[in-house]
1. Can you run phi through the Karplus equation (6.51, -1.76, 1.60; θ = phi - 60°) for region 32-42 and list ³J(HN,Hα) in whole Hz, with x for Gly and Pro?
2. Under 20 Å Cα-Cα from K326, which lysines qualify once same-chain neighbours fewer than 8 residues away are excluded?
3. At 1.4 Å probe size, put E325, E105, E118 in order of accessible surface, largest to smallest.
4. Please work out how much accessible surface S202 shows to a 1.4 Å probe, ignoring ligands, DNA and RNA, in Å² rounded to 10.
5. Determine the order of F251, F315 by accessible area, beginning with the largest, at a probe radius of 1.4 Å.
6. When only alpha-carbon atoms count, how far does region 190-241 stretch along each of its three principal axes, as whole angstroms with the largest first?
7. Please list, by residue number, every one of the GluC sites (Glu not before Pro) in region 122-203 that is coil in DSSP and has at most 11 other beta-carbon atoms within 10 Å.
8. Work out the charge dipole of region 150-195 with +1 on the Cβ of Lys and Arg and -1 on the Cβ of Asp and Glu about the Cα centre, then indicate which of T190, I160, I176 is farthest towards its positive end.
Amino acid sequence: MKRIFSLLLVSVISLANAQTSDLDTLVDIGGYNMHFYIIKGNGTPILFEAGAGNDGSVWNNILKPLHDITGTTLITYDRTGFGKSEINPHHTSDEQYGIINGINELERGLKKLGYFEELILVSHSYGGFYTTLFSSRNPGKVLYNVRVDANLAGQYTDEILIKAEQDNSVQEMKGINLGSYYLGINFANTVKLMRNVEYPNSVPAIDIVSPIQRHQTDDEWKLLIKTHQDFIDANPNRTGIVAYGSGHYIFLDNPGLIINSIVKAYLHTISNEKEKTAVLQKALDVSIDQFVSAKHEEYESRITDIYAIRQGIAFMKSSELKKAEKILRLNTELFPESSQAFEYYSRVLDKLGNTDKAINMLMKSIELDPNNENAKRNLRRLKK
């Protein structure tokens with residue numbers, strides 16, 4: 001498989017000389033706890049918003065190198081129902097767990113921690129709704145947005161929302177992960193709300209997108225691309241970047257691109273030219289050091305089974321099932337100890353109508369990881 005990287009930065013970086021203070025904490029936001037992980041520093045804090053189904057740990061691979069360059073405070077957190085964060089026990093209906101509730105929880109947490117001031121926001125996928133809504137509510141507090149394949153309401157038509165509402169897998173999540181359930185059950189209402197939320201023209205943005213088609217139809221994909229282009233064209237303080245060679249998780253496929261984009265946003269908040277120069281020099285040093293020291297095996301270790309899975313999913317969504325089958329089959333051969341490799345190989349086999357083999361792959365997946373609930377659920381479905 002051909003893998004193209006505009007800049008190679010491995011996720012493991014030596015911090016022997018860096019003075020960091022990490023805070024891994026639960027914050028009471030009203031009788032229940034929200035989990036925050038903070039690397040403390042000096043400068044404008046950077047808040048990270050994860051995508052649907054992810055918690056704050058999804059950003060871990062870029063936090064240390066980014067802190068080494070900027071020295072500023074970095075904040076990740078788990079939305080309630082994800083990671084270590086708890087669900088609000090006081091709500092009595094699904095609708096109460098919508099995105100407005102999520103933003104209220106985030107604002108309460110930031111206020112308690114003392115970080116509800118000027119911020120740079122970084123978002124991925126569904127997290128784009130959060131940063132847009134947060135920026136709209138708090139335009140004076142948001143200095144910059146870095147959007148990593150982040151959602152825009154315009155990319156979802158009424159037809160797409162009807163499909164989402166008819167997705168039976170959302171109901172299945174109720175017994176598996178309440179965070180995902182509430183996100184899914186409220187998704188259509190979230191999009192409809194976001195259609196009426198204006199992104200502040202005063203807040204600059206870098207909008208980074210993956211060029212890999214991952215939607216069910218070409219029309220849906222063209223709409224996504226057009227929506228992002230319209231967003232960029234709406235104001236001269238917005239920059240668009242196409243992350244060639246990267247899938248949806250651009251910060252995993254090309255961490256250097258995302259780190260450099262965040263550094264660019266951070267430089268926007270610095271007025272002292274000497275300080276700017278120092279940050280730029282650190283960014284260059286980190287890039288060179290990591291490029292020079294990256295041995296072949298270190299590079300290969302970044303291209304894990306997860307990378308191949310993302311490529312396989314992209315091909316499945318574009319209905320290129322033969323390509324997906326080839327990649328995901330090879331993935332099981334390269335990573336025979338990966339439960340996820342066999343789980344996702346079963347998915348393309350199922351789409352190709354090879355149910356018996358798909359069942360065998362799921363059984364292998366569960367054998368490797370008895371706690372793989374997704375594989376168990378799919379196995380029950382196929383056996384029916």
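The values are calculated or read from the model by the stated rules, or taken from the named source; none is laboratory data. This one's a predicted model, so the numbers in the text were calculated from it and none came from an experiment. Glycine gets a Cβ as well: all are built from the backbone with ideal geometry, and neighbour counts include every protein chain shown. Just the protein is used for accessible areas: all its heavy atoms, side chains included, with ligands, DNA and RNA removed. Shrake-Rupley method; radii C 1.70, N 1.55, O 1.52, S 1.80 Å.
1. 8, 10, 10, 8, 10, 10, 10, 9, 6, x, 10
2. Filter leaves K2, K317, K351, K357, K364.
3. Sorted descending by solvent-accessible area, the residues read E118, E325, E105.
4. For S202, solvent-accessible area is about 90 Å².
5. F315, F251
6. 35, 27, 13
7. Working: sites: E159, E165, E172, E198; in loops: E198.
The qualifying sites are E198.
8. Projecting each Cα onto the dipole axis, the largest value belongs to T190.
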